[in-house]
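I have placed the structure first, in the form of structure tokens, so that the comments after it can refer back to it.
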Amino acid sequence: MFRQFRSEVEAALSDALAALDLPTDDLGIERPPDEMDATLASSVAFRLAGEVGDAPPNVASEVAGAVDVAPYDYLVSVDTAGPYVNFHVGDRYLADTLAAAAGDAEYGVLPDRDTSVVVEHTSANPTGPVHVGRARNPIVGDAVANLLEYAGYDVDRHYYVNDAGRQMAVFTWAYETFDESDLEEAPARDRAEYDLVRYYRRGNAYLEEADADAVEAAEAEIRSILQGLEAGDEATYERVGEVVDAVLGGMKDCLARLPAEFDEFVKETRFMRDGSTDDIAARLKETEHAVYEEDAWQLELDEWGIDKNLVFLRSDDTSLYTTRDLAHHEWKFDNYDRAVTVLGEDHKLQADQLGAALDLLGNDTDALGHVIYSYVNLPDGKMSTRRGTGVMLDDLLDEAIDRAREAVESRMDDRIRDDDLTDEDVERIAHQVGIGAVRYDIVSKQPAKAITFEWEEALDFEAQSAPFVQYVHARCCGILDEAAEAGFDVPATGDASASGDAFDADAAALETDEAEALLREVGRFPAVIESAAEDLEPHTIATFTREFADAYNAFYRECPVVTAERDELRDARLALVAAARYTMANALDALGVSAPESM
């Protein structure tokens, strides 16, 4: 409904500007400030004031006077507030919103666009456990993929496996060279990547500390592995693959805890074995931007505003990561309509070079999108590491669950009888809230901004955190369960993946400002999904959940539901609670955060 209303506003405003012989290229339609009583507003008067030669408030009044609302279903009136042109909905909009959302467990899912998108994220080198500093990639990447699915795209989630670079050659050599007696003590966590990373650490230490002759011999073996990969030697692929697959298996288990799961793990060596990397290198050599300097083939990219050359082939004709990634991206373009990659800020230059090279090779780079994120830090002294020099994602998730369990048990002691929640309930809620807190806190920030993860903020039930917004969903489920137990007609209150039947409720019975404000928030959710997907900004969904929680809590305080004084008022409020439940459940689902039914 909100999307239709916005389309009506765009059409009505465009027609009004055209009638006044004013440009229609920038309508300035936006959500109005909270103090303005309107569903949408336009700031177009600011832009037109200079052209018209009048003050913005006067321009706004002239534009508002030219708007014809007669042809539209939801747009019922227009007025002004200073320089803003305000657009208002009527009863039909509210009634249709309530009817659409109250009985639809998939409320907010947009129609199929018949457009395929591949979202590549995480793609951490398979050299050991996932570090917490890189945790933003799978969390943001998974949310971007979810968001695009909600917006109607056909999405595949890919992890690009670097199994052809020097790191993997070093790892393979070390794994084949050293034995258990050469390694640090066995890790406390019994999983492959924690065990095998000891070989990688030992190998790197050896290359730093051994005498020159020993290092030279080791480097010769490492080079032979790289050359074997480049030459397509099956035995070399098998040697490297044994290490890669074992480490990657453990990393998958870690990422599944978030959860972040993938449709395909695409190996870098795939594009060496099929000849596409060689093809890329040959085509690049033929361009006028290719130069041979400093014993390597390079691309000069000044024409694209990039002052650092892209090296794409070494002097011995072995390829580099970027050369193989170019082949990888051309494969994406052959198989998908769009390609989105989530990258750390240290890869921004690489992304720019990649885009320029793809353009040079004749690809339509409009189909290419990037989400660049900064890293996650932990405050000093707030968390201990189990082993090694850094904090692993597993450790962060373990501690999040432990802290959430403590918070739940504390709230049990303070607010409810101990027998209201079983041990299984406490454990379920601890996992939902703890992991949800990590995901929500990270995804709620603009990706380009560096963040420091603070436990107290992430797990604060009273602040605008994951528990704060999750509690809205739990409250909705509790009210609907209470109503069902009292014998009232409510939709299904189980898992939100199963739609319930729509209520026979009258939106006009929602007589309070708090109820109408909540219904308006419900109404704008599909448009929030659409806008966030267009901009690849899942953090705006998190912002919506906080605003929605504020609206719901105001309704909860002022509007009794099961004990409402009239049947029609009770039914309307039950419908609104059901609509709020589905809205919050799906907003959280888009972020990859669980929506607990009790807390």
- Please work out the C-alpha center-to-center distance from region 95-172 to region 355-370 and express it in whole Å. 21
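What is the sum of charges, Lys and Arg at +1 and Asp and Glu at -1, for the other residues whose Cβ falls under 12 Å from the Cβ of Lys308?
With Lys, Arg at +1 and Asp, Glu at -1, the neighbours total -3.
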- Note on the structure: Heads up, the chain by the C-alpha gyration tensor (a ≥ b ≥ c square roots of eigenvalues; a/c under 1.5 rounded, else a/b over b/c prolate, else oblate) looks oblate
- Message: Leaving out ligands, DNA and RNA, and with a 1.4 Å probe, what % of the accessible surface on the chain is carbon or sulfur?
- Response: 42
- Message: With +1 on the Cβ of every Lys and Arg and -1 on the Cβ of every Asp and Glu, and nothing else charged, how large is the dipole of the chain about its Cα centre, in debye rounded to the nearest 20?
- Response: 460
- Expressed per residue, the solvent accessible area of region 439-591 in Å² (1.4 Å probe) is about 38
- Give the cross-link partners of Lys445 among the lysines, using a straight C-alpha distance below 16 Å as the criterion and excluding same-chain residues fewer than 8 apart. none
- Just the number, please: percent antiparallel of the DSSP beta bridges in the chain, rounded to the nearest 5. 50
- Note on the structure: Computed over the chain: longest principal axis from alpha-carbon atoms vs helix 276-285 long axis, angle to nearest 10 degrees, is 80
- Quickly rank 126-135, 241-250 as a protection proxy: mean count of other C-beta atoms within 10 Å, highest first. 126-135, 241-250
- Task: Report the full-extension gain for the segment Glu221 to Ala450: residue separation times 0.36 nm, less the Cα-Cα distance, to one decimal in nm.
- Result: 78.5 nm
- Starting from the coordinates of the alpha-carbon atoms of region 439-591, obtain the Kirkwood hydrodynamic radius over all distinct pairs and give the value in Å to one decimal. 16.2
- Highest mean first, what order results for 516-527, 397-408, 297-308, 186-197 on Cβ atoms within 10 Å? 516-527, 397-408, 186-197, 297-308
- Message: Highest mean first, how do 540-550, 53-63 rank when packing is the count of other Cβ atoms within 10 Å averaged over residues?
- Response: 540-550, 53-63
- What is the calculated FRET efficiency for Glu209 to Ser14, with r their C-beta to C-beta distance and R₀ = 56 Å, to the nearest 0.05? 0.20
- Cα to Cα, under 21 Å, and not fewer than 8 places away if on the same chain: which lysines meet these conditions relative to Lys332? Lys267, Lys348
- Message: Quick check: the angle from helix 136-150's long axis to the longest principal axis of the chain, C-alpha only, nearest 10 degrees?
- Response: 50
- accessible surface per residue for region 110-192, probe 1.4 Å, DNA/RNA/ligands not counted, whole Å² -> 34
- Task: Could you point to the residue in Tyr471, Trp304, Ala580 farthest towards the positive end of the chain's charge dipole, with +1 and -1 charges on the Cβ of Lys/Arg and Asp/Glu respectively?
- Result: Tyr471
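Leaving ligands, DNA and RNA out of it, rank Tyr552, Tyr175, Tyr153 by accessible area with a 1.4 Å probe, largest first.
Of Tyr552, Tyr175, Tyr153, the descending order of accessible area is Tyr175, Tyr153, Tyr552.
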- Note on the structure: With a ≥ b ≥ c from the Cα gyration tensor eigenvalues, square-rooted, and the rule rounded for a/c under 1.5, otherwise prolate when a/b > b/c and oblate otherwise, region 100-192 is prolate
- Item | Of Asn162, Leu510, Thr277, farthest towards positive along the dipole that unit charges on Lys, Arg, Asp, Glu beta carbons give the chain | Leu510
- Message: Can you sort Phe265, Phe468, Phe453 by solvent-accessible area, 1.4 Å probe, largest first?
- Response: Phe265, Phe468, Phe453
- Computed over the chain: longest principal axis from alpha-carbon atoms vs helix 423-443 long axis, angle to nearest 10 degrees, is 80
- Message: Give the aspartates and glutamates reachable from Lys308 as a straight Cα distance under 17 Å; neighbours fewer than 8 places away on the same chain don't count.
- Response: Glu288, Glu293, Glu294, Asp295, Glu300, Glu345, Asp346, Asp352, Asp359
- Compute the separation of the alpha-carbon centres of region 20-51 and region 219-278 and state it in Å as a whole number. 54
- In whole Å, what is the distance between the alpha-carbon centres of region 320-346 and region 438-477? 32
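The values are calculated or read from the model by the stated rules, or taken from the named source; none is laboratory data. Source: prediction; values computed, not measured. Neighbour counts are summed over all protein chains in view; Cβ atoms, including those assigned to glycine, are modelled from backbone coordinates with ideal geometry. Accessible surface is based on the protein model in full, side chains and every heavy atom, while ligands, DNA and RNA are left aside. Shrake-Rupley method; radii C 1.70, N 1.55, O 1.52, S 1.80 Å.
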